[in-house]
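Worksheet: one structure, shown below.
The values are calculated or read from the model by the stated rules, or taken from the named source; none is laboratory data. If you're wondering where the values come from, they're calculated on a predicted model, not measured in any experiment. Note that we place each Cβ from the backbone using ideal geometry, even for glycine, and neighbour counts take in every protein chain shown. Side chains are part of the model used for accessible areas, which takes the heavy atoms of the whole protein and leaves out ligands, DNA and RNA. Shrake-Rupley method; radii C 1.70, N 1.55, O 1.52, S 1.80 Å.
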Amino acid sequence: MMRSSISLWWIAIVAVAAESSYSCQPGQTCWPTQQQWQQLNQTLDGHLHKTIPLGAPCYENSSNFDEGICASVQSTYNSSLDRVSHYGQTFWQNWEACGTSGCSLLSSDPAEELFPTCSLGTLAAYYVDVRVASHISATLRFSKEHDLRISIKNTGHDFAGRSVGPNTLAIWTHNLSKMSFHRNFTASRCPMANAHNIGELGAGVVAGDAYRYFGEYGMDITGGYEESVGLAGGFAQGGGVGDFTARYGLMADNAIEFEVVTADGQVRVINECNDPDLFWAMRGGGGGTFAVLTKYRVQLYPSLPIHTYRLVVNISSSDALRALLTLHAENQIIWSDALITGGTDYYVNKASFGVVHPHPDNGTKLKEATMAFHHAVSNITGITVIENDYTSFENYTAYTSFSIADARVTEPAGISSLLSSRLMPRHLFASPSSISSLVDAVLHGIQTAHNLISTSGTQVVFETPLSNPDVDRKTSAHSAWRNALWHVINVAEWEKPLAPATLKKVSSGFLDLLEPAKALTPGGGAYLNEASYEEPEWQQTFFGDNYPRLLEVKQRYDPDHVFDCWKCVGWRGKQDSFYSCYKQL
């Protein structure tokens with residue numbers, strides 16, 4: 001009886017959501033006139049802009065063609081920090097294209113255009129360069145008045161294109177970039193949330209700036225790997241993983257308080273006392289769906305030395321690759337119990353380990369935990385060791401000089417990418433037979449991905465929240481995080497647009513290659529920020545048993561469905577005309 005009631009309740013919520021509109025598009029009578037856009041611009045202090053794609057000045061058939069500006073764009077086109085400072089792009093250019101139309105340049109040679117003509121692709125027609133929360137409130141009022149769909153974007157680091165949308169009115173938060181440090185923090189009307197060493201980030205703050213800023217106060221923040229990722233947006237709202245995750249938990253675990261603008265245009269400060277359900281939902285339930293975040297207040301920690309172990313090898317056979325993966329899996333529980341983090345990039349013929357240990361010692365514990373592995377690698381037949389050494393850094397700011405340089409190679413800006421992933425739980429590392437099954441599943445992914453597209457690899461990331469089991473469910477991050485030791489990500493990357501049939505084969509193939517991993521993890525999940533956009537069981541895979549409560553929070557705070565994004569909480573389905581570009585992927 002209880003189950004039937006829940007089913008009817010679920011159907012009712014979905015039905016209400018499906019009735020909402022926000023469907024006006026250019027050419028329709030509802031679309032604002034030029035005078036109305038100008039009036040909005042005045043309300044926004046001149047911060048409304050028509051979207052110009054980043055590559056537009058280089059297309060001769062574009063009305064924005066300008067040789068001088070083009071030269072400037074080309075000189076910084078594949079610089080991540082320069083790229084994300086423009087609205088008219090996404091970090092991965094396949095998400096700014098709509099099928100065979102777009103306005104991108106070739107990342108490795110920006111003198112080459114990737115499309116015959118320049119078009120907006122998936123980018124919004126207009127965007128608001130938000131400088132204060134009231135700009136968001138005004139934008140939402142205008143959206144409701146004219147039945148306009150909203151999209152929310154910071155840097156465009158999104159592997160499912162959720163930060164953009166054709167014919168939307170975009171809220172661009174990138175210039176909300178102020179930071180402050182509170183040695184003693186008083187929460188808003190919530191004494192239980194008062195704390196020491198709290199960092200405040202505007203929604204547009206990027207990781208590299210945050211590390212340097214808080215490092216000057218002798219503090220570490222639980223941020224991510226790549227310097228241009230916006231920490232407070234979809235990254236932290238979807239969980240947020242990085243080199244400190246094993247020691248301190250997800251970034252969402254460390255959230256203390258948010259300033260947000262809800263769908264009704266109201267500016268709210270939310271925490272465990274004020275709008276606690278909304279606060280819970282935005283601690284892991286994903287960005288772009290509950291409210292627009294403007295400020296993120298997060299727990300910081302005294303800076304620690306960073307100790308690293310670097311291993312680079314060439315691999316001559318599939319047997320050698322299996323042996324290396326097996327050795328890695330056999331050592332993972334030891335590493336995890338020592339709160340060691342980092343990740344490995346596996347390819348069919350090479351591998352690169354970046355093992356990281358934030359710890360107050362001189363690196364002894366990292367060496368103790370990894371020494372058996374360190375010595376055993378060179379004895380594997382078919383493995384040629386290129387690099388196998390340890391390095392320590394005084395603090396995380398010093399370490400980023402290395403990690404940022406590495407990210408510029410491993411995650412270049414302006415190329416195309418798609419993913420598929422799975423969280424692999426601890427019990428799979430407990431016995432030789434379960435390790436063998438785990439290795440089989442990961443090997444299947446590595447080899448199948450390579451056969452689908454040669455420029456592919458598999459990341460085995462061990463940045464999981466081992467020290468924070470979250471038994472009280474204070475966050476809405478998928479519960480599969482809490483016992484996972486590996487986050488396995490299959491990555492495809494390419495530069496020039498793939499033919500539609502080829503792209504479909506690759507995207508479908510990357511989803512299908514997960515089947516062995518899924519078979520080992522029934523009821524499991526994946527990191528919603530780094531997963532396949534085609535995931536069919538997305539509610540379970542991205543949100544787990546939190547989804548019904550997340551959906552209730554969504555309906556309470558956004559009953560008219562002002563916010564919507566691809567396979568986010570409350571998503572209305574791909575039949576929505578605003579997702580037509582996904583049908584061309």
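Counting only alpha carbon atoms, the long axis of helix 318-337 and the longest principal axis of the chain meet at about 80°.
Quick one: ranking HIS375, HIS478 by accessible area, 1.4 Å probe, largest first, what do you get?
Numbers: HIS375 110, HIS478 5 Å².
The most accessible residue leads, giving HIS375, HIS478.
Here the extension length gained between LYS144 and SER454 equals 106.9 nm, from 0.36 nm per residue of separation less the Cα-Cα distance. To the nearest ten degrees, helix 133-146 and the longest principal axis of the Cα atoms of the chain are 60 degrees apart.
Here the scattering of the stretch 47-163 is modelled by Debye summation over its C-alpha atoms, one equal scatterer each and no solvent; at q = 0.11 Å⁻¹ the log10 of I(q)/I(0) is -0.37. Sorting the segments 387-393, 28-34 by their mean number of nearby beta carbons within 10 angstrom, highest to lowest, gives 387-393, 28-34. The alpha carbon convex hull volume per residue for the stretch 179-303 rounds to 90 Å³. Each peptide in 118-126, 340-348 receives the mean, over its residues, of other Cβ atoms within 10 Å, and ordering these scores from highest gives 118-126, 340-348. If you take all C-alpha pairs in the chain, what percent of them are over 39 Å apart? The proportion of pairs with Cα distances above 39 Å equals 25 percent. Straight-line reach from LYS178: which lysines fall under 23 Å, measuring Cα to Cα and dropping same-chain residues less than 8 apart? LYS178 reaches LYS153, LYS295. Relative to the current alpha-carbon distance between ASP560 and SER134, full extension at 0.36 nm per residue lengthens the span by 151.3 nm.
With R₀ set to 30 Å, the beta-carbon distance separating ASP406 from GLU67 gives a calculated FRET efficiency near 0.30.
For LYS365, the lysines whose Cα falls under 30 Å of its own Cα, not counting residues fewer than eight places away in the same chain, are LYS350. The solvent-accessible area of LYS518, taken with every protein chain present and a 1.4 Å probe, is close to 30 Å².
Calculate what fraction, in whole %, of the accessible area of the stretch 34-172 sits on carbon and sulfur atoms when a 1.4 Å probe is rolled over the protein chains. Before the final figure, lay out each step's value.
On the way: 2340 of 5210 Å².
Exposed carbon and sulfur together represent 45 percent of the surface.
Compared with the direct C-alpha span, the chain from SER467 to CYS30 gains 152.1 nm at full extension, assuming 0.36 nm per residue. Counting only heavy atoms of the protein chains and using a 1.4 Å probe, GLU200 has close to 30 Å² of accessible surface. Within a straight-line Cα-Cα reach of under 13 Å, LYS583 can be paired with the following aspartates and glutamates, leaving aside sequence neighbours fewer than 8 residues apart in one chain: GLU534.
Per-residue ellipticity at 222 nm computed for the chain from its helices equals -9500 deg cm²/dmol, with DSSP H segments shorter than 4 residues left out and the rest contributing -39,500 (n - 2.57).
Once the Cα atoms are used to define both axes, helix 2-19 deviates from the longest principal axis of the chain by about 50 degrees.
Once the Cβ-Cβ distance of SER392 and ASN41 is raised to the sixth power relative to R0 = 60 Å, the FRET efficiency obtained is 0.70.
As a calculated quantity, the FRET efficiency between SER180 and ASP361 at R0 = 41 Å, using C-beta atoms, amounts to about 0.85.
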